[in-house]
1. Can you give the FRET efficiency for residue 131 and residue 153, using 1/(1 + (r/R0)^6), R0 = 22 Å, r = Cβ-Cβ distance, to the nearest 0.05?
2. Please find the FRET efficiency linking residue 51 to residue 72, where r is the Cβ-Cβ separation and R0 is fixed at 45 Å, and quote it to the nearest 0.05.
3. What is the count of Lys pairs in the range 88-151 whose alpha carbons sit under 28 Å apart, if the two are 8 or more places apart or on different chains?
4. As I understand it, the dipole of the range 48-172 uses +1 on the Cβ of Lys and Arg and -1 on the Cβ of Asp and Glu, about the Cα centre. Which of 79, 111, 91 lies farthest toward its positive end?
5. Kindly state, to the nearest 0.05, the FRET efficiency for residue 83 paired with residue 110, given R0 = 30 Å and r defined as their beta-carbon distance.
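Each reported figure results from applying straightforward, stated rules to the coordinates on display, with no laboratory input. Computed from a predicted model, the values in this text were never measured in an experiment. With ideal geometry, Cβ positions are generated from the backbone for all residues, glycine too; neighbour counts draw on all protein chains shown.
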Amino acid sequence: MSNDKEQDIKAQEERLVVEISPETEKADPNAKAPADKEKTKDEPLPTLSEAVREIATEDEAPLSRNFTLQKILGGDILNTSTIRSQIYVLLLITFFLVLYISNRYSCQRSLIEIDRLEKELLDAKYKALSSSSLLTEKSRESHILELLKANHDSTLQSPEQPPYIITIPENE
């Protein structure tokens, strides 16, 4: 694991030493080596997109096959080629997280609304029960007779004789 990193670092250092050596800078910073002049005559210059692509991929280390805890915790797993190859999976996970959070929020709002409506229903049942008991009390025969006697509004009185049943004979 560390050998791979050390080899990559050494290869990059060698590449930098070859490209920019102190001897060429001291002699003439603007002058090019004769080998460089021959390369430019024979080979065409790279386009801008090729140069940018080369610079962008220059710093990326190759993806190793074995992932260890140290590489994961060290952040090596998050190198740009890994993220670039898994971008759609990361976007899908992000979409599902947003969907999960919004669904949970919606369910919580619904539960709060259900609790509020249950309390309102219970209050309505208690009011209906109390008004029903008041109506039953006020519509009793004894209470109505007391009200009539107190107001002297009517000549109605309670009967002293029990009602009797009239029987009608059937056709003979």
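1. On the way: r = 25 Å, r/R0 = 1.16.
Between residue 131 and residue 153 the formula returns 0.30.
2. Numbers: r = 33 Å, r/R0 = 0.74.
Efficiency computed from Cβ-Cβ geometry: 0.85.
3. Numbers: 119/127; 125/138; 127/138; 138/149.
The result is 4.
4. Going by the Cα projections, it comes out as 79.
5. Numbers: r = 38 Å, r/R0 = 1.25.
Efficiency, from the Cβ-Cβ distance: 0.20.
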